[in-house]
Each structure stands twice: as C-alpha cells, then as structure tokens.
1. For the stretch 33-48, what are the residues that are within 16 Å of the ligand (Cβ to nearest atom) and closer than 18 Å to L292 by Cα?
2. Of the residues that make up the stretch 194-211, is at least one assigned by TED's automatic domain parsing to the domain that holds A108 and within 13 Å of the ligand (Cβ to nearest atom)?
3. How many residues are without any contact (Cβ under 8 Å) to a residue 60 or more places away in the chain, farther than 26 Å from I246 by Cβ and among the hydrophobic types (A, V, I, L, M, F, W, C) if we restrict to the stretch 348-386?
4. Out of all the residues in the stretch 77-99, which are open to solvent by less than 70 Å² (accessible area, probe 1.4 Å) and either without any contact (Cβ under 8 Å) to a residue 12 or more places away in the chain or within 16 Å of the ligand (Cβ to nearest atom) (or both)?
5. Please go through the stretch 231-262 and give me each residue that is outside any loop (DSSP other than H, G, I, E, B), of a type outside the set (V, I, T) and more than 13 Å from the ligand (Cβ to nearest atom), ordered by number.
6. Test F214 against the criterion of being among the aromatic types (F, W, Y) and within 12 Å of the ligand (Cβ to nearest atom), and give yes or no.
7. Only one of these is free of Cβ contacts under 8 Å to residues at least 60 places away in the same chain, among the acidic types (D, E) and either out of contact with any helix residue (DSSP H, G or I) (no Cβ under 7 Å at 6 or more places or on another chain) or farther than 22 Å from I217 by Cα (or both): E18, E58. Name it.
8. So which residues in the stretch 349-374 are surrounded by 24 or more Cβ atoms within 10 Å (Cβ to Cβ) and closer than 17 Å to R326 by Cα?
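The values are calculated or read from the model by the stated rules, or taken from the named source; none is laboratory data. This one's a predicted model, so the numbers in the text were calculated from it and none came from an experiment. Here the Cβ is made from the backbone with ideal geometry for all residues, glycine too, and neighbour counts use every protein chain on show. When the accessible area is computed, the model is the full protein with side chains, heavy atoms only, and any ligands, DNA or RNA have been set aside. Shrake-Rupley method; radii C 1.70, N 1.55, O 1.52, S 1.80 Å.
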Amino acid sequence: MTIAPVLPTYNRAAVSFERGVGARAYTADGIEYLDFGAGVAVNSCGHAHPHLVQALSEQAAKIWHTSNIYQMPGQTKLAERLIAHSFADTVFFCNSGTEATELAIKMARKFHYVNGAPERVEIITFEGAFHGRTLAALAAGGQEKYLEGFGPKAAGFVQLPFGDHQALETAIGPNTAAIYIEPVQGEGGIRPVPHQCLRGLRALCDKHGILLMFDEIQCGIGRTGKLFAHEWAGITPDIMAVAKGIGGGFPLGAVLATENAAKGMVAGTHGSTFGGNPLATAVGNAVLDVVLGDGFLDNVLRQSINLKQKLERLKDQHPTIIEDIRGSGLMMGIKCKVANIALQKAALDEKLLIIGAGDNVVRLLPPLIVTDADVTEAVNKLERACVALEKAN
Ligand SMILES: *Cc1c(COP(=O)(O)O)cnc(C)c1O
C-alpha cells in the first residue's frame with residue numbers, strides 16, 4: 001500500500017507545530033516560527049490566548065455537547081451578541097465556512113419560495129471567489145480546478161467577471177435569487193471589492209427584489225479593523241456567512257440574517273448535529289470578549305497601517321520580487337513577480353509562516369493581536385526572503 005494514511009489531498013509543508021503562544025508557533029524541537037498565516041485567518045486571537053484557554057477549559061469540565069433538540073444558553077448568548085453588533089436579527093450556528101455558505105444559499109432560495117417566486121433559485125457569484133468545498137459551495141465558487149471530476153456542477157449558479165458592472169446588470173433576471181460575494185476576496189488573492197461597488201450591489205439587489213449575501217468567512221471578525229468588513233462600505237447584507245476567526249481555532253461557523261431574509265427557515269428546514277454546541281459557543285463567546293474588547297480593533301487598524309507601510313517600502317526595495325501590495329486591515333496580499341510559492345518557501349526558510357493565494361499572491365493574515373515588534377520582525381524576515389530569492393535568480 002502506498003497511499004498515505006491521511007487522504008493525500010493537501011500539499012503540506014515539511015513542518016509541524018507542537019505548541020503556540022500569541023503570534024508564534026513552535027516545533028517539537030523548539031524552533032520558533034512567526035505565524036503570519038494564523039491557520040488561514042482562523043487564530044484571530046493568536047495561539048493559546050489565556051482567555052480562550054480558560055473559557056474552553058471551564059466549559060470542557062462542565063458539558064461539551066448536548067444537542068440542538070435542547071435549549072442552549074451559550075448559543076443564545078453568542079447569537080444575541082452577534083445581533084447586537086451587526087445588521088442581523090437571527091443567527092444559525094454550524095461548524096465550518098462551507099456549511100455557512102450552504103445555508104446562505106438554501107435560505108435565499110427558501111426566501112423566494114415562501115414569497116411565491118420559487119423560480120428564483122439562481123445565485124450570482126464572481127470570478128476568483130471561494131465559498132467552500134461542498135458541492136453547492138464549489139458550484140458557487142465556480143473554479144474549474146476544484147469542480148473537475150466531481151460530476152455535474154450543482155445547478156443554479158451564475159458566475160460573472162470581477163468588477164464588471166455591465167455584466168451584472170444584464171445577468172440579473174427573473175430566476176435570480178441573490179448575489180453572493182466576499183467583501184475582500186481571500187483565496188482569490190486578497191482583492192478588496194471597492195466600497196462603492198458594495199453600495200452599488202446593495203442598490204441593485206433592492207431594485208430587483210433579490211438578496212445580498214456576503215461571505216465574511218475570511219474577512220469577518222475584526223480582520224479588516226471593523227467587526228465585519230462590509231461596515232467600511234456603510235451598507236448591510238441580508239445574509240452573511242461567517243466562520244474561521246469566530247472560533248479562534250475551534251471549528252465554528254455561523255449564518256447571520258435579517259428576519260425578512262430568514263422568514264422561510266422554520267422548524268425542520270435546516271439543522272446540524274454539532275453546530276453551536278456548548279464547547280464551540282463558549283469559545284465563540286470568548287473570542288467576542290477579546291475582539292470587542294476596548295482598543296482591540298484599534299490595534300488591528302494601527303498594525304494594518306504599520307504593516308502596509310513597511311511592505312510598501314519592501315516593494316520599492318525589491319522590485320524584481322514584489323509587484324504590488326494590497327488588502328484591508330490585517331488581510332494583506334503581496335502580489336509577486338516570482339512564483340508566489342517561491343516567496344512562501346523562502347519565508348518558511350526564514351521561519352515566517354505566510355499563505356499562498358490565487359493571482360500569484362501570498363497572504364499575510366497574522367493573528368489580530370500582533371504588536372509593533374511582531375510586524376517589524378515579520379517584515380525583516382520577508383526582507384531576508386527577498387534577498388535570498390534575488391541571489392538565487
Ligand atoms: C475558508 C473559506 C471558506 C470555506 O470555509 P471552510 O471552513 O474551509 O469550509 C469559504 N469562504 C471563504 C471566503 C473562505 O475563506
């Protein structure tokens with residue numbers, strides 16, 4: 001037998017980590033890495049945040065899992081807090097981003113169904129999008145490389161070029177249910193949607209009576225310096241998918257919705273065995289304690305400016321390696337002139353963890369607790385990585 005014991009669907013780097021503290025992760029040999037990937041924007045509060053460790057430990061000693069057939073006070077509390085800090089009137093909890101996408105799609109279709117327009121099933125998405133790996137989420141993402149070989153693509157998805165307003169106007173028809181978009185594209189290469197475009201989408205959805213849905217699975221929960229990225233544009237969606245950072249490393253996802261958008265989702269129409277169980281929501285509540293704490297988002301903004309300035313300087317110093325710096329908050333992309341995996345590898349050699357993305361970009365997604373010293377160190381490591389690449393070329 002030659003197949004790996006774990007299904008070989010990942011290209012893994014030859015390194016593993018035994019423990020972590022803040023923005024640092026350590027191998028079993030005690031080698032320190034600066035973690036500017038945060039497990040793909042998941043470890044929002046850094047590794048082993050004392051408040052999260054305490055919340056998880058205390059809950060673990062009480063009860064881990066009951067079932068959504070019973071009342072769950074921790075889940076209700078987390079929902080109420082998310083509602084108090086967003087556009088939403090109601091929240092569903094699941095375990096991952098792709099499940100959140102799945103429900104967003106179902107909810108949009110059900111909304112039109114109960115409104116007497118069952119033909120409105122089509123979801124409009126955008127080129128470069130990533131919404132998850134279930135069959136419906138893959139159809140929404142529309143990326144051929146992920147769809148190939150997995151049978152017929154789920155019906156009811158229309159994908160448009162990124163930023164083509166004319167295509168959008170003509171694509172909305174009698175079968176359209178919703179527009180689904182990441183306010184800042186993550187996997188697609190850290191491409192922020194201009195605020196004006198988000199406002200335009202809101203107006204378009206209102207005009208046509210369709211729903212606006214945001215995928216804030218990567219850009220939400222403080223990543224851009226606001227709790228949710230769309231807040232920068234001054235508009236709100238009808239439905240929003242959240243995951244990654246909300247669990248701080250514990251698997252947790254959520255769908256936030258207005259009462260109107262959620263009106264078809266009555267008892268029995270959706271569910272999850274694990275979704276929002278006591279352990280998960282204890283951690284989720286602890287993450288919110290931290291992220292909504294005094295000055296937390298101010299630090300995200302401050303470090304964002306700090307990081308961006310230093311990266312711009314790096315770009316000027318290494319024009320054969322770096323083409324462009326882009327992003328929002330602590331969701332920063334370096335568009336490379338060399339292969340992005342080469343820069344990622346050179347950074348790994350310098351003990352800096354960063355993450356590849358589409359459009360030949362590497363992503364910097366540090367935990368939101370990073371300090372001046374962390375940012376300086378990360379950019380110094382990147383600098384050495386650039387020098388190493390220049391020497392090799
Ligand atoms: C990661 C991600 C997903 C999928 O989340 P999973 O938890 O891996 O299912 C969906 N959308 C966006 C924007 C993401 O970044």
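1. Across the stretch 33-48, the qualifying residues are A41, V42, N43, S44.
2. no
3. Total satisfying the criteria: 2.
4. Our first condition is that a residue be open to solvent by less than 70 Å² (accessible area, probe 1.4 Å); within the stretch 77-99, this holds for 78-79, 81-83, 86-88, 90-99.
Selection gives F92, F93, C94, N95, S96, G97, T98, E99.
5. Of all residues in the stretch 231-262, those outside any loop (DSSP other than H, G, I, E, B) come to 231-233, 239-242, 244-248, 250, 253-257.
Next cut, of a type outside the set (V, I, T) only: 231-233, 240-241, 244-245, 247-248, 250, 253-254, 256-257.
E231, W232, A233, G248, L256, A257 - these are the residues of the stretch 231-262 that are outside any loop (DSSP other than H, G, I, E, B), of a type outside the set (V, I, T) and more than 13 Å from the ligand (Cβ to nearest atom).
6. On the way: among the aromatic types (F, W, Y): yes; within 12 Å of the ligand (Cβ to nearest atom): yes.
So F214 fits the description; yes.
7. E18 is the lone residue from the list that is free of Cβ contacts under 8 Å to residues at least 60 places away in the same chain, among the acidic types (D, E) and either out of contact with any helix residue (DSSP H, G or I) (no Cβ under 7 Å at 6 or more places or on another chain) or farther than 22 Å from I217 by Cα (or both).
8. I354, A357, V361, V362, R363, L364, L365, P366 - these are the residues of the stretch 349-374 that are surrounded by 24 or more Cβ atoms within 10 Å (Cβ to Cβ) and closer than 17 Å to R326 by Cα.
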